[in-house]
Amino acid sequence: MNVRVEVVCVSADGVEQRRDVLMLERRELAMETLGMNLTEGKALLAGVQDFVVGRQVREDLEQRRACPRCGQPHTSKDSGNTPVKTIFGPVNVPNPRWNRCPCHAEGPKTFRPMRTWLNGRTSPEMLYLETKWASLIPFARAADLLKEVLPVGDSLNPETIRNHLQVTAERIEQELGEERQLNRFEGSEEEWEQQPLPDGPITVGIDGGYVRAAHKQGWFEVIAGKSVVAFRREDEGEVPSAKCFGFVQTYDDKPRRRLWELMKSQGMQENQQVVFMSDGGENVRRVQEYLHPKALQEERPQTCAEASKQLESVKHLLWHGNTEEALERLVNLLMELSLIQAHSAAAEKVAEGLTEFETYIGNNQEFIPNFGERRRQGETISTAFVESTINQVVSRRFVKKQQMQWTLRGAHLLLQTRTKVLNNDLEEAFRRWYPRFRAKAA
Ligand SMILES: [Zn+2]
């Protein structure tokens, strides 16, 4: 049996254009000759892509040919082509230069009509696939993978993919606003009180890991973490309750903004509790402090240590869903603080916060989940999730291949696309930049 695959393009006025894109020959039927194979599939896709692109561009040029003011056709200055890499192969997009219509007295003498939409050398979907896979596996393996399953062309190489990933990461970085000041929240307390009851506390776990620096510069630390919303009052479905983040501390100039935006994307409200956890070393604790400075710790280290110990046990009790005993401990702690708060503004502030916390627990007893139970069920709320995060965000991609060396910028940018991929946010970013990219069904 022979199979001939022909593509037919039907233009707006009903005119048909045809091209044969593939001939298949099948003799003996076997498992491996059943249907099309990968080579034939790639050839088919490349053939269709090339034909469709050609027809699309021709039709577009025909529609732009007439001057929108006087209707006279523009005359050609010179022809030209722009190569564009797509997921179904490199294509040559005709990109002619036309003379300005005589009815226009001003403006450049010539122009390229394709310039209105042709603003890159790589299709968004190609950029997306390169970025996504290179965020998860080494550049060379991402190149191999894409070349094996798609007719992307032999010229695709790890360096190109690295460049494209970094372009994407820089674009993500540019969307991040200015670094935030130490006070994390906007608005006044009166305004916060107007806000609806927030979801459960956000737990932010932070840890550090080391990756090998380029040019024999030893190792440098990368910070990774995860932000988890304990529970939600309403099931919002679309908003994931856990998201991870990462950055290179000595390169990043917006770590607070980064974490703030992440928590915002999880629905954080100004009146919501944020709990920080880390098992990490000195640097990690320092990061934690500048992300969430604690006034008391600086002023009264002893009281702070005692209060922390008490709070730790409250946390433990809440963790296991034992809200009644947690409330009792909180009340005790408040009484102790009341002895010093007249002399210490910081202690007073902490007491204020704890009173609110107490009211909050009291009002929400039935909503406070038993985290201990959840943990046994395999949900990711524990100090262990901090370690698993550093493994997920950093180790596999950065450390496993010991010979791989990183620049601060290279590691930081990869962390940005990697966390976007792990959080399932990369596709949405592309949709912001290219509104018709993988358009969602209405
Ligand atoms: Zn004209």
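What follows is calculated from the coordinates using simple rules that are stated; it is not laboratory data. Keep in mind that this is a model prediction, so the values were computed, not measured. Cβ sites come from the backbone with ideal geometry, for glycine too, and all protein chains shown count toward neighbours.
Sparsely packed loop sites in the stretch 1-84 (the trypsin sites (Lys or Arg not before Pro) outside DSSP H, G, I, E and B with at most 14 other Cβ atoms within 10 Å) comprise 26, 27, 69. For each pair in 85/226; 254/309; 264/440; 147/420; 243/315, compute the distance between the two Cα atoms and list the pairs where it is over 30 Å. Distance filter (> 30 Å) returns 85/226; 254/309. The alpha-carbon of residue 109 sits under 18 angstrom from the alpha-carbons of these lysines, leaving out residues fewer than 8 places away in its chain: 77. Label positions at residue 431 and residue 8, each projected 7 Å from the Cα along the C-beta direction, are separated by 3.5 nm.
Whole-Hz Karplus values for the stretch 37-48 come out as 9, 4, 4, 5, x, 5, 5, 4, 4, 4, x, 5 Hz, taken residue by residue from phi with 6.51 cos²θ - 1.76 cosθ + 1.60 and θ = phi - 60°; glycine and proline positions read x. Residues whose amide H falls under 5 Å from that of residue 77, counting only those 5 or more places apart or on a different chain, are 97, 98, 99, with hydrogens built in the peptide plane. Over all other residues within a Cβ to Cβ distance under 15 Å of residue 69, the charged ones net out to +2, with Lys and Arg as +1 and Asp and Glu as -1. For the stretch 202-214, backbone phi angles converted through the Karplus equation (6.51, -1.76, 1.60; θ = phi - 60°) give residue-by-residue couplings of 8, 9, 10, x, 10, 8, x, x, 10, 10, 6, 7, 5 Hz, Gly and Pro being listed as x. Filter the GluC sites (Glu not before Pro) in the stretch 1-89 down to the DSSP loop ones having no more than 11 other Cβ atoms within 10 Å, then list what survives. Passing sites in the stretch 1-89 are 28. Seen from residue 143, the other residues with C-beta closer than 14 Å to its C-beta sum to a net charge of 0, counting Lys and Arg as +1 and Asp and Glu as -1. Quick one: net charge of residue 252's neighbours, Cβ under 11 Å, K/R +1, D/E -1? Neighbourhood net charge equals +2.
Annotation: lysines with alpha-carbon distance below 25 angstrom to residue 216 (same-chain offsets under eight excluded): 400, 401. Can you give the FRET efficiency to the nearest 0.05 for residue 37 and residue 17, using r as the Cβ-Cβ distance and R₀ = 25 Å? The computed FRET efficiency comes out at 0.35.
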